[in-house]
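Written out below as structure tokens is the structure these notes cover.
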Amino acid sequence: MNGNPPAGRAPLYAAVSERDWQDWRWQQSHRVRSVEVLEELVHLTADERQACESTTEPLPLGISPYYASLMAADDPQCPVRRQAVPTMAELGVVDSEYDDPLAEEENRVAPGLTHRYPDRAMLYTTHQCAVFCRHCNRRRKVGDPTSAPTKADLDAAVRYVAGHPELRDLLVSGGDPLSLSDERLDELLGKLRAIPHLQIIRLATRMPTTLPQRITEELVQRLRRHHPIYVATHFNHLKECTSEAALALNRLADAGFVLANQMVLLKGINEAPAMVREMNQWLLKQRCRPYYIFQCDAARGTHHFRTKVSSGIKIIEGLRGYTSGLAVPHYVVDLPGGGGKVPLIPEYLVKHEGTKLTFRNYEGKLFSYDEGE
Ligand code: SF4
């Protein structure tokens, strides 16, 4: 390992030029893809090493140098490391898990396009990501080049959207759509924006978390032409809230993108209400609204990440009242089989007799309210 790395870099990357480090294409092409390189970054446990050597299918190893530099070399429980480094638990077989937990393939209407809800659809644009997150609910195909739609596939999907006037909202997802070049994204969004009934486009990306260098001034200037665009980010832990991530979020916000964070609840990683509160307050400071906390989907190979539902409710209880409502996201379970999202909230109504209701507040104190006739 090299010594004295610049701030925010693992020793392995000490000699990389600042120009390369800030270049998202360099970061993308130098993702950690082998156990040999990973071992130069962290001291792997026997379990991690065995998993890295066994889990090329279905979700390969892939970690951007930026995100890899956030991992603790000596702590296998590091919340960043756990999201990026495979463990043997991924290979465990659990009956209640699904290859496709949200039945996206069943509801596929054109290549890469899932249309299940009345007024919105989701487009799978690429198999690439800056980091292959071990909890990914699309792990059945993310990372697999054969799952990537071709240009002709994407054109067919755009034609479907154009032919369905009820579609007013399209989620452009993947993989990470910001893995595509500026030109390809610009072209795709231009075709979508030309569809008169498509009111909003949502970009689901983990780049501000896993490769914030991707959010260049050139990118935001190109994409802002296609507004209104919402950006769904995916921050899961305070450790991911770096100055680089703040710069990326602020650049997007300055260019008029509406930012909303979707956190995935992960066992032993982000169950602490105080940490979530601090992370959400940081997100708000960057003009990114905490939008959802997702119960981890039952994707095959992710059982070790799933928490009890009570854990999510405890987080909401630790937020509501203790910080501004803007920092309190919806905690939801996305029902297996495509049933949609169900919000879960703590029980604040403790008694209802006639017109008299008794509530408990966030401190547990009781208050009466008469709703009248
Ligand atoms: S960035 Fe998103 S699509 Fe890619 S592996 Fe992570 S969760 Fe899955």
- Going through the stretch 140-154 one residue at a time, which ones are of a type in the set (A, V, I, L, M, F, W, C), within 21 Å of Leu91 (Cα to Cα) and more than 7 Å from the ligand (Cβ to nearest atom)? none
- the stretch 122-139, residues that are under 16 Å from Leu171 (Cα atoms) and either within 7 Å of the ligand (Cβ to nearest atom) or surrounded by fewer than 24 Cβ atoms within 10 Å (Cβ to Cβ) (or both): Met122, Thr126, His127, Asn137, Arg138
- Of (1) more than 16 Å from Pro336 (Cβ to Cβ); (2) open to solvent by less than 30 Å² (accessible area, probe 1.4 Å); (3) in contact with a strand residue (DSSP E or B) (Cβ under 9 Å, 6 or more places away or on another chain), His115 satisfies every one except (2)
- Note on the structure: Asp176 passes all but one of the listed conditions (1) surrounded by fewer than 23 Cβ atoms within 10 Å (Cβ to Cβ); (2) within 18 Å of Arg222 (Cα to Cα); the exception is number (1)
- Looking at (1) surrounded by 15 or more Cβ atoms within 10 Å (Cβ to Cβ); (2) touching a strand residue (DSSP E or B) at 6+ places or on another chain (Cβ under 6 Å); (3) farther than 29 Å from Asp95 by Cβ, find the lone condition where Tyr369 falls short. (1)
- Candidate set from the stretch 179-209 (those that are within 12 Å of the ligand (Cβ to nearest atom) and out of contact with any strand residue (DSSP E or B) (no Cβ under 8 Å at 6 or more places or on another chain)); member that is least open to solvent (accessible area, probe 1.4 Å): Met207
- Kindly provide the set of residues from the stretch 1-44 that are within 24 Å of Pro60 (Cα to Cα), among the small types (Gly, Ala, Ser) and either open to solvent by 60 Å² or more (accessible area, probe 1.4 Å) or in contact with a helix residue (DSSP H, G or I) (Cβ under 6 Å, 6 or more places away or on another chain) (or both), ordered by number. Ala10, Ser29
- Among the residues of the stretch 287-302, write down those that are open to solvent by 20 Å² or more (accessible area, probe 1.4 Å) and more than 18 Å from Val332 (Cβ to Cβ). Arg287, Arg300
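Residues checked against (1) touching a residue at least 60 places away in the same chain (Cβ under 8 Å); (2) of a type in the set (Val, Ile, Thr):
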| residue | (1), (2) |
| --- | --- |
| Glu218 | no, no |
| Ile229 | no, yes |
| Glu240 | yes, no |
| Leu259 | no, no |
- Item | Complete set of residues in the stretch 292-344 that are touching a residue at least 60 places away in the same chain (Cβ under 8 Å) and either assigned by TED's automatic domain parsing to the domain that holds Pro60 or at positive phi (or both) | Gly301, Gly337, Gly338, Gly340
- Of the conditions (1) farther than 28 Å from Thr87 by Cα; (2) modelled with pLDDT of 95 or more; (3) open to solvent by 20 Å² or more (accessible area, probe 1.4 Å), Ile316 clears all except one; give me its number. (3)
- Among (1) out of contact with any Asp or Glu (no Cβ under 9 Å at 6 or more places or on another chain); (2) touching a residue at least 24 places away in the same chain (Cβ under 8 Å), where does Met88 come up short? (1)
- Test Arg202 against the criterion of being under 21 Å from Glu104 (Cβ atoms), under 17 Å from the mean Cα position of the chain (by Cα) and charged (D, E, K, R), and give yes or no. yes
- Task: Out of Phe294, Phe305, report the one residue that is touching a His at 6+ places or on another chain (Cβ under 7 Å) and closer than 30 Å to Glu106 by Cβ.
- Result: Phe305
- Which condition number does Gln77 fail, the rest of (1) in a loop (DSSP other than H, G, I, E, B); (2) under 30 Å from Glu183 (Cβ atoms); (3) among the polar types (S, T, N, Q) being met? (2)
- Note on the structure: Of the candidates Glu105, Glu90, the one satisfying the condition of being modelled with pLDDT under 95, surrounded by fewer than 19 Cβ atoms within 10 Å (Cβ to Cβ) and charged (D, E, K, R) is Glu105
- Query: Taking Pro145, is it open to solvent by 30 Å² or more (accessible area, probe 1.4 Å) and either out of contact with any Leu (no Cβ under 8 Å at 6 or more places or on another chain) or in the same structural domain as Ile63 (by TED's automatic domain parsing) (or both)?
  - Reply: yes
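The values are calculated or read from the model by the stated rules, or taken from the named source; none is laboratory data. The structure presented is a predicted model; accordingly, all values stated were derived computationally and were not measured. Note that we place each Cβ from the backbone using ideal geometry, even for glycine, and neighbour counts take in every protein chain shown. Please note that ligands, DNA and RNA were not included when accessible areas were found on the heavy atoms of the full protein model with its side chains. Shrake-Rupley method; radii C 1.70, N 1.55, O 1.52, S 1.80 Å.
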